[in-house]
Amino acid sequence: MRTGAKAWSKQKAQCWIIWLISAAVSFPALASGEQDTDHLFLLSLQELMELDITSSTLTSKTLLSVPASVTVFTRDQIREIGADYLYELINFVPGFQSFRQGADGIQYFHSARGHRTSVKSREVLILIDGVRMIRESDSGEAVPMLSLYNVAKVEFIRGPGSAIYGSNAFLGVINIETVRNQDAFQVAAGEHGRKQFNGVYSFGQQDAELNLAINLFDEAGESYQLEDINAVPLQTTTGKDPRQGADFQFNASVGDYRLKGMISRREAEDYYIVERAASDTNHSYHDISYLHLSKDFSWQPYLQSTLELGYSENAFKLNTEIRGLGVTRTDQQETNLQLIARNAWQYADQNSLEFGLELRNTDMSSVYSTETQGDLEFYPDAERTITGLYVQNQRYYDNGLQMVIGGRFDDYDDVGSSFSPRVSLVYPLAQLHTIKALYGEAFRAPTANELYLVGVTLAGNPDLQAETIKTSELIWISQWGNHRLTVNSHYNVIENSIYSTNTFMNRSEDEAFYGMEVDYAVQLSEQWRLQANGTALRNLPSSDYREADRLASFVLNYCTGPWNFNLNANYAGAREMRVGTDFVKLDDYWLLNTKWIYSINRSTNLYLNGRNILNEDYGTPTRLSLHTTPMPNRGREFVVGVELSI
């Protein structure tokens, strides 16, 4: 629980919501003179429907034509909502959820459709400008608390994506595209000692272009009551969750050549490290850097290719204190070398073929030192080589039917091979309705940790096989007037699911679960827009007790004159945590947020961003069963900032 947190009644929450909506409705009285909204952020529903979506097929699609369940957020939508980091945005996507566990104070783990193998987010692949942002050694997120300021668009693909991307695109893909040709920066400060700076800069001349981005944040943290599981019996101690981060990204192009890179560091102190409260010792580091060079080739008007070579380094370090081991330090390192060749061939008026090759080599190591046992190895130096081949055919018929058939073959030199097929049909029933029928398979290769770990209480299993999933989906999209309604039903069967006891094992029995996602959007007027969604999941695997099977969110946006007002909230149903041999049910919760923007002119905005404005004191599940109370989370936080466009 947070120090000094106060419980809010449902009646008080309702009063706050009514007051905020009333304040928004009164905005026209604040705006004098003729309304000028050209420089504000509100996009029409039709414009959102026509957004370019590329991550599902590597070709240009729209929300109606893409053969997948997709949610897209633009840069302006993200700014309206007030989501500064990816983990905040995830909770507004149907079927997705993100919450804090006790790995450290900076990691928020996410899942799609209610399934997650462990404390890591191994079933959803994250890409930034096409670069994998997930560690091969443990499938952990390479950049926790990923800043969204320099993001142009985020595409959330729900369902299997291995037919294009290979391992980890098991239940979803998050494809992030960074901004181009923009010059802007913002400075912000807020509660809990928060300080933030973000900036983007671009330069262009003839066929050359350079785009730069920098993101900096530092937070002193909030105070919590934490459980010290190193103490016998358990004791309560006071701790905070200070954290900081820095990113530098660039994209450069000259003619057909492109160069992109990133350097990033995240640090967290105090709070929990692997669920141990040791304020004087706890410290974690997340580092990544990458450099990718690519060249486009146009062999003929209907055949294009891209060749890309990339190198990246990842490091994950943590310090904590563990009972029986004393002060423990872990150092996990890996390097990746990658070669990608992609080809697109329009071989007939209504047919296209996409095919490609991916080669990836990874060197990994993980060591730890303890006060009582000295230097040890979690696993010896490990090397992994991956070869992936994919092909996809798209066929368009005169009656509007679109068919996609494809698949990808992946060979791992340490765990064998996997084949991931996909078949999809997209058909416009009438001018107002579109039906999508999808089938896809995906896999997740065991990580180095799962194969080779030599731990104190957990050992790896070199005989592990890849886990696979088979997903069938039926999607109905209806658009009439200023309304859009999307209904998705999905059925999933997981084979060889990986789980852990004192080692890692493949389940012999299949795990089947299903669910429904509903998303509704309406353009109420030129000033008002509402979007809401809900998710219901059924028959989740027993190991997914930490995941909520009911999810919802809404975003209400209003703009007039120089003002933009946004009220949004996300809901998570009851979750469970394990205490000893018992399972304890945690309360469901709503988190209500708001953002107010005032445009002084076309280049200057002032804003007030409020997160969890009802100060909801909610807990999320622990990973270990040694705790008796859940993980504490941030309370109400207000941030003020100024943004300048140059």
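The values are calculated or read from the model by the stated rules, or taken from the named source; none is laboratory data. These figures come from a predicted structure and were not determined experimentally. Ideal geometry is used to build each Cβ from the backbone, glycine not excepted, and the neighbour counts take in all protein chains shown.
Would you mind finding the one in GLY400, GLY416, GLY440 that is on the phi > 0 side of the Ramachandran plot and in contact (Cβ under 8 Å) with a residue 40 or more places away in the chain? Before you say what the answer is, go through the steps one by one.
Details: GLY400 fails: in contact (Cβ under 8 Å) with a residue 40 or more places away in the chain; GLY440 fails: on the phi > 0 side of the Ramachandran plot.
Unique residue meeting the criteria: GLY416.
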Task: Neighbours by Cβ (under 7 Å, 6+ apart or cross-chain): first from the range 633-646, closer than 30 Å to ALA572 by Cα; second hydroxyl-bearing (Ser, Thr, Tyr) and modelled with pLDDT of 95 or more - done: ASN633/TYR618; ASN633/THR620; GLY641/TYR607
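Of everything in the range 318-342 that's among the charged types (D, E, K, R) and part of a strand (DSSP E or B), which residue is farthest from ILE386 (Cα to Cα)?
Out of the qualifying residues, it is GLU321.
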Task: Selected residue (criterion: surrounded by the most Cβ atoms within 10 Å (Cβ to Cβ)) from residues of the range 156-172 that are of a type outside the set (Phe, Trp, Tyr) and out of contact with any Asp or Glu (no Cβ under 8 Å at 6 or more places or on another chain) - done: ALA169
TODO: Taking the options GLY515, GLY460, GLY440, GLY455, name whichever one is surrounded by fewer than 17 Cβ atoms within 10 Å (Cβ to Cβ) and not basic (Lys, Arg).
DONE: GLY455
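In this structure, does LYS153 turn out to be outside any loop (DSSP other than H, G, I, E, B), at negative phi and of a type in the set (Lys, Arg)? Walk me through how you get there before you give the answer.
Working: outside any loop (DSSP other than H, G, I, E, B): yes; at negative phi: yes; of a type in the set (Lys, Arg): yes.
Here the answer is yes, as LYS153 does meet what is asked.
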Task: Selection count, the range 178-192, where residues are touching a residue at least 40 places away in the same chain (Cβ under 8 Å) and either on the phi > 0 side of the Ramachandran plot or assigned to a strand (DSSP E or B) (or both) - done: 9
Task: Pairs where the first residue, in the range 203-229, is within 30 Å of ASP241 (Cβ to Cβ) and the second is in a strand (DSSP E or B) and among the small types (Gly, Ala, Ser), C-beta under 6 Å, 6+ apart - done: ILE214/GLY199; ASN215/SER147; LEU216/ALA246; PHE217/GLY245; TYR224/GLY239; LEU226/GLY239
- [ ] Please note which strands (runs of 3 or more DSSP E) are completely contained in the range 545-599 and include at least 1 residues that are of a type outside the set (A, V, I, L, M, F, W, C), over 19 Å from the mean Cα position of the chain (by Cα) and closer than 30 Å to VAL642 by Cβ.
- [x] 550-560, 563-572
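Residues checked against (1) surrounded by fewer than 19 Cβ atoms within 10 Å (Cβ to Cβ); (2) at pLDDT 95 or above; (3) within 26 Å of the chain's Cα centre (by Cα):
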| residue | (1), (2), (3) |
| --- | --- |
| ASN361 | yes, yes, yes |
| MET364 | no, no, yes |
| GLY388 | no, yes, yes |
| VAL391 | yes, yes, no |
| ARG395 | yes, yes, no |
| ASP398 | yes, no, no |
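This table checks each residue for (1) out of contact with any Asp or Glu (no Cβ under 8 Å at 6 or more places or on another chain); (2) closer than 19 Å to LEU58 by Cβ; (3) not small (Gly, Ala, Ser).
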| site | (1), (2), (3) |
| --- | --- |
| MET403 | yes, yes, yes |
| PHE409 | yes, yes, yes |
| TYR412 | yes, no, yes |
| SER417 | no, no, no |
| VAL423 | yes, yes, yes |
| TYR427 | yes, no, yes |
| ALA430 | yes, no, no |
| THR434 | yes, no, yes |
| ALA445 | no, no, no |
Open item on the list: Can you confirm whether GLN196 is farther than 18 Å from SER121 by Cα, in contact with an Asp or Glu (Cβ under 6 Å, 6 or more places away or on another chain) and surrounded by 17 or more Cβ atoms within 10 Å (Cβ to Cβ)?
Closed with: no
Task: Those residues of the range 59-88 which are surrounded by fewer than 19 Cβ atoms within 10 Å (Cβ to Cβ) and either touching a Gly at 6+ places or on another chain (Cβ under 8 Å) or over 15 Å from LYS153 (Cα atoms) (or both), in sequence order - done: THR59, LEU64, SER65
TODO: Go through (1) within 27 Å of GLU441 (Cα to Cα); (2) assigned to a loop (DSSP other than H, G, I, E, B) one by one and return the number of the condition PRO144 breaks.
DONE: (1)
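Of the residues TYR379, TYR368, TYR347, only one is loosely packed, with under 14 Cβ neighbours inside 10 Å, in contact (Cβ under 8 Å) with a residue 12 or more places away in the chain and among the aromatic types (Phe, Trp, Tyr); which?
TYR347
Considering ASN566, ASN570, which residue is touching a helix residue (DSSP H, G or I) at 6+ places or on another chain (Cβ under 7 Å), crowded, with 18+ Cβ neighbours inside 10 Å, in contact (Cβ under 8 Å) with a residue 40 or more places away in the chain and not basic (Lys, Arg)?
Details: ASN570 fails: touching a helix residue (DSSP H, G or I) at 6+ places or on another chain (Cβ under 7 Å).
The unique qualifying residue is ASN566.
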Open item on the list: With the requirement that a residue be out of contact with any helix residue (DSSP H, G or I) (no Cβ under 9 Å at 6 or more places or on another chain) and closer than 20 Å to ASN343 by Cα, what does the range 377-401 give you?
Closed with: ILE386, THR387, LEU389, VAL391, ASN393, GLN394, ARG395, TYR396
TODO: Return the residue satisfying two criteria in turn: it lies in the range 600-636 and is more than 22 Å from the chain's Cα centre (by Cα) and in a strand (DSSP E or B), and of such residues it is surrounded by the fewest Cβ atoms within 10 Å (Cβ to Cβ).
DONE: ASN601
TODO: Please work out which one of (1) touching a His at 6+ places or on another chain (Cβ under 9 Å); (2) in a strand (DSSP E or B); (3) within 28 Å of ILE646 (Cβ to Cβ) is the condition ILE174 fails and give its number.
DONE: (3)
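Test of understanding: among ARG265, ARG276, which residue is within 19 Å of the chain's Cα centre (by Cα) and of a type in the set (Lys, Arg)?
ARG265
When you scan the range 478-508, how many residues do you find that are on the phi > 0 side of the Ramachandran plot and either in contact with a Leu (Cβ under 7 Å, 6 or more places away or on another chain) or surrounded by 16 or more Cβ atoms within 10 Å (Cβ to Cβ) (or both)? Explain how you work it out, then say what you get.
Of all residues in the range 478-508, those on the phi > 0 side of the Ramachandran plot come to 481, 496.
From the residues that got through so far, the ones that are either in contact with a Leu (Cβ under 7 Å, 6 or more places away or on another chain) or surrounded by 16 or more Cβ atoms within 10 Å (Cβ to Cβ) (or both) too are 496.
Number of matching residues: 1.
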TODO: Out of GLU308, GLU321, report the one residue that is surrounded by 17 or more Cβ atoms within 10 Å (Cβ to Cβ), modelled with pLDDT of 95 or more and out of contact with any helix residue (DSSP H, G or I) (no Cβ under 7 Å at 6 or more places or on another chain).
DONE: GLU308
